[in-house]
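Worksheet: one structure, shown below.
The values are calculated or read from the model by the stated rules, or taken from the named source; none is laboratory data. Quick caveat: nothing in here was measured; it's all calculated off a predicted structure. Positions of Cβ are backbone-derived with ideal geometry, glycine not excepted, and every protein chain shown enters the neighbour counts.
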Amino acid sequence: MMIGHNTFKKKLASGRPVLGVQLRSRSTMIAELYAMCGFDFIFIENEHFTYNMETISTVIQVCDGAGIDSIVRIPKNDQGTILQLLDAGASGLFIPHVDTQADADAVVDAGKYPPIGDRGFSDGARSALYGMFDGATHFENSNRDTALVPFIESKSAVENLEAIMTSGIDAVHIGPGDLAKSYGIDPASAENEKIIRHIIAVGKKTNIPVGMPARSMQKAFYWIDAGCAFISLSSDLNILQDACLGFVREFNERYPL
């Protein structure tokens, strides 16, 4: 038995595209609403937005109760952060700045129990059912179901791509903006798309699912058709912004100043 909701990797293995959505506002109510709407996972954005460990833990618990996977993007590739969030019961982690095989090896070492990695263990952690667990089953299920997903967002990561993908990680997520910045090109350029498509192709070759962000369903379908296995759709703040701007625009068109 495992605490939490860990179906992200199972859904990826099914071959059907997987749809997630970002949570930036730290709202547990929005997390519940996302689950009720039928998304496959919630991307808890803790690299560019200000969560603390207690808040993330609460959101993870709400996700579990609502029946949706919680994938947390952490601020950096840090063993302590990886350990704490997995112990809190996160379904998986998005890890930024994984640029080399050594970086990827550090992720696997911190996030998987022996014999795969060297993740520390506490029998009182939430992920271990607060001590009410079967040890061997817990280790086996955690290694099988926990998703470790590096972000590919630099020229160095692309140059080391196959080594990263064969290090024991479970999937990769492309960061197209930082990727373009690393190459000194426009994120919307044909050159950046060529690099993205190369990453997707290497994912196919190594049997590693590749994900992309998308601001709209049109863009989500575009990248799924290009070979992406999962999509991180927009965010609560962007969805609210788009809706509010639309409301105000319609109002002003009907009642101009």
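Here are some notes:
Table: residues versus (1) without any contact (Cβ under 8 Å) to a residue 40 or more places away in the chain; (2) β-branched (V, I, T); (3) in contact with a strand residue (DSSP E or B) (Cβ under 6 Å, 6 or more places away or on another chain); (4) under 30 Å from D186 (Cβ atoms).
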| position | (1), (2), (3), (4) |
| --- | --- |
| V62 | yes, yes, no, no |
| I71 | no, yes, yes, yes |
| G111 | yes, no, yes, no |
| L129 | no, no, no, no |
| R144 | no, no, no, no |
| A157 | no, no, no, yes |
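- Residue tally, condition without any contact (Cβ under 8 Å) to a residue 60 or more places away in the chain and outside any helix (DSSP H, G or I), over region 159-168: 1
- Residue that is surrounded by the fewest Cβ atoms within 10 Å (Cβ to Cβ), among those in region 31-52 that are assigned to a loop (DSSP other than H, G, I, E, B) and in contact with a helix residue (DSSP H, G or I) (Cβ under 7 Å, 6 or more places away or on another chain): D40
- Criterion violated by Q101 - all others in (1) surrounded by fewer than 19 Cβ atoms within 10 Å (Cβ to Cβ); (2) touching a Leu at 6+ places or on another chain (Cβ under 9 Å) satisfied: (2)
- Residue within region 152-172 that is closer than 22 Å to T7 by Cα and touching a Phe, Trp or Tyr at 6+ places or on another chain (Cβ under 6 Å) present: no
- Count of region 91-127 residues which are in a helix (DSSP H, G or I), at pLDDT 95 or above and of a type in the set (G, A, S): 5
- Hey, M2 modelled with pLDDT under 95 and either in contact with a Cys (Cβ under 8 Å, 6 or more places away or on another chain) or buried (at least 18 other Cβ atoms within 10 Å of the Cβ) (or both) or not: yes
- All of I200, I196, I224 fail the test of being within 15 Å of G20 (Cα to Cα), surrounded by 12 or more Cβ atoms within 10 Å (Cβ to Cβ) and under 19 Å from the mean Cα position of the chain (by Cα), apart from I224.
- Which listed residue is acidic (D, E), at pLDDT 95 or above, within 21 Å of V149 (Cβ to Cβ) and in contact with a Leu (Cβ under 8 Å, 6 or more places away or on another chain), from D178, D170: D170
- Residues that are crowded, with 17+ Cβ neighbours inside 10 Å, more than 17 Å from the chain's Cα centre (by Cα) and of a type outside the set (A, V, I, L, M, F, W, C) are absent from region 210-218 altogether.
- Taking region 90-141 as the range and being closer than 30 Å to P176 by Cα and polar (S, T, N, Q) as the test, the residues that pass are S91, T100, Q101.
- Of all residues in region 108-167, those being within 19 Å of the chain's Cα centre (by Cα), under 20 Å from S91 (Cβ atoms), surrounded by fewer than 20 Cβ atoms within 10 Å (Cβ to Cβ) and hydroxyl-bearing (S, T, Y) number 0.
- Of all the residues in region 2-25, those that are within 19 Å of Q84 (Cβ to Cβ) and touching a strand residue (DSSP E or B) at 6+ places or on another chain (Cβ under 9 Å) number 4.
- Residue in region 106-123 that is more than 26 Å from G175 (Cβ to Cβ) and of a type in the set (G, A, S) present: yes
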